[in-house]
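To keep things clear, I will list the structure first and then write my remarks on it.
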Amino acid sequence: MIYTCTLNPAIDLFIETEHLKPEIVNRTNSYDIQPNGKGVNVSFILNDLGITNTAWGVGGGFTSKFIEDSLQKKGIKTDFTHIEGISRINVFTRVVETDTEFKEVNNGPEVSADKVAEFLQKVTTLTNDDKLVVSGSFSKGIAPEIIVEIAKMAEKQGFDLVIDTSYPEVLKAIDHRPFLIKPNDEELLSWFDQDSTDDVDTLVKYAQKLLEKGAQNILLSLGSKGALFINSEQILFGNAPKIKVVNTACSGDTMLGTFLAGLEQKMSLADNLQRSIAAASSTAASTGLTNFEDVDSLMKQIHISQLEG
């Protein structure tokens, strides 16, 4: 079983407005309300591709109920750890006049030590038949070191751990040989105190440092440049198709969910990477997660090549 884990779930409010000016009423063209959180998105994508999964989370209030209800309506089993307080609402505003996007992301509620322990108790039930996907930021009260603790549990219990979070504690977690790490290029470089670069060879070099530290596989998203898959046996690169970007908030989650589905479906790594990039691009061109209708056509623009190590 694949379990997704969202330690700071959210409702995302997407707004499109012609302009965004201070001290006046800005009338919007449209809005959309969506359950969100990186693990939640991975659950939706897995489900859309026919992969049964269970969504774990830590949340509270009417917002958490909306998120859980939305998952359950899709047939996704949920097992959230419920806390006091209200899970966060984030706002993403697209301004037509300037073709810009504003992202306002909140911290989320405080989680008590007892509730953290309650969540970790769930992790103790996982076995070598399971995958656990830990994605996104953590609520207040959940220290980033929890990713190291979960990695130790994965190593001891034998389940596959997938990590998609930007905390530098990931570097400590990979000492325990997690199955897959999915940073983006900026996150990867930040872990090594490096400046941003478009040079693929440089990005490969730092991804390989993660392999040397213990990570088994790296899925590295490069935004408009595409993505890399790297392990000890091969380095694959795929370009991104040309799209009109509407919202980039969930594209990385789409890539990860699609890639994990491809692993379950025994796709070749090259075909899997190609489909994952196409799905991520489809999401970036949409107001929400992809419905996969345009993924086949986007795949025709994507070419997978094997790079030298």
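The values are calculated or read from the model by the stated rules, or taken from the named source; none is laboratory data. Remember, predicted model here, so these are calculated numbers, not experimental data. We place every Cβ from the backbone using ideal geometry, glycine too, and count neighbours over all the protein chains shown.
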Residue in the range 222-229 that is within 20 Å of Asn47 (Cβ to Cβ), out of contact with any Cys (no Cβ under 8 Å at 6 or more places or on another chain), aliphatic (A, V, I, L, M) and not in a loop (DSSP other than H, G, I, E, B) present: no
Candidate set: the range 129-163, residues that are in contact with a helix residue (DSSP H, G or I) (Cβ under 8 Å, 6 or more places away or on another chain) and basic (Lys, Arg); chosen: the one nearest to Leu256 (Cα to Cα): Lys131
In the range 267-306, residue farthest from Ser30 (Cα to Cα) [restricted to those that are in a loop (DSSP other than H, G, I, E, B) and in contact with a Lys or Arg (Cβ under 8 Å, 6 or more places away or on another chain)]: Met267
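Out of the residues in the range 128-148 meeting the condition of being within 25 Å of Glu110 (Cα to Cα) and not in a loop (DSSP other than H, G, I, E, B), tell me which one is nearest to the chain's Cα centre (by Cα).
The residue in question is Ser135.
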Test for Glu118: is it farther than 26 Å from Leu263 by Cβ, out of contact with any Cys (no Cβ under 7 Å at 6 or more places or on another chain) and in a helix (DSSP H, G or I): yes
Residue within the range 201-217 that is polar (S, T, N, Q), at pLDDT 95 or above and buried (at least 21 other Cβ atoms within 10 Å of the Cβ) present: yes
Some residue of the range 246-266 being of a type in the set (A, V, I, L, M, F, W, C), within 24 Å of Val40 (Cβ to Cβ), modelled with pLDDT of 95 or more and not in a helix (DSSP H, G or I): no
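Condition check ((1) within 28 Å of Ser281 (Cβ to Cβ); (2) more than 15 Å from the chain's Cα centre (by Cα); (3) among the aromatic types (Phe, Trp, Tyr); (4) not assigned by TED's automatic domain parsing to the domain that holds Lys131) across all residues:
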residue: Ile150; (1), (2), (3), (4): no, yes, no, no
residue: Gln157; (1), (2), (3), (4): no, yes, no, no
residue: Leu203; (1), (2), (3), (4): yes, yes, no, yes
residue: Lys213; (1), (2), (3), (4): no, yes, no, yes
residue: Gln216; (1), (2), (3), (4): yes, yes, no, yes
residue: Gly226; (1), (2), (3), (4): yes, yes, no, yes
residue: Ile230; (1), (2), (3), (4): yes, yes, no, yes
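Of everything in the range 273-288 that's buried (at least 21 other Cβ atoms within 10 Å of the Cβ) and touching a strand residue (DSSP E or B) at 6+ places or on another chain (Cβ under 8 Å), which residue is nearest to Gln34 (Cα to Cα)? Working first, answer last.
Pass one, the range 273-288, residues buried (at least 21 other Cβ atoms within 10 Å of the Cβ): 273-284.
Then drop every residue that is not touching a strand residue (DSSP E or B) at 6+ places or on another chain (Cβ under 8 Å), which leaves 273-274, 276-277, 280.
Numbers: Leu273: 27, Gln274: 27, Ser276: 22, Ile277: 22, Ala280: 17 Å.
Selected residue: Ala280.
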Residues satisfying the stated conditions in the range 60-77, i.e. closer than 19 Å to Phe119 by Cβ and either in contact with a Cys (Cβ under 8 Å, 6 or more places away or on another chain) or crowded, with 18+ Cβ neighbours inside 10 Å (or both): Gly60, Thr63, Ser64, Ile67, Glu68, Leu71, Ile76
Complete set of residues in the range 31-56 that are surrounded by fewer than 18 Cβ atoms within 10 Å (Cβ to Cβ) and without any contact (Cβ under 8 Å) to a residue 40 or more places away in the chain: Tyr31, Ile33
Residue within the range 84-101 that is at pLDDT 95 or above, surrounded by 15 or more Cβ atoms within 10 Å (Cβ to Cβ) and assigned to a helix (DSSP H, G or I) present: no
Residue list for the range 169-187, filter: part of a helix (DSSP H, G or I) and either over 23 Å from Lys152 (Cβ atoms) or basic (Lys, Arg) (or both): Lys172, Asp185, Glu186
Subset of the range 1-27 that is part of a strand (DSSP E or B) and in contact with a helix residue (DSSP H, G or I) (Cβ under 8 Å, 6 or more places away or on another chain) - its residue that is nearest to Arg88 (Cα to Cα): Ala10
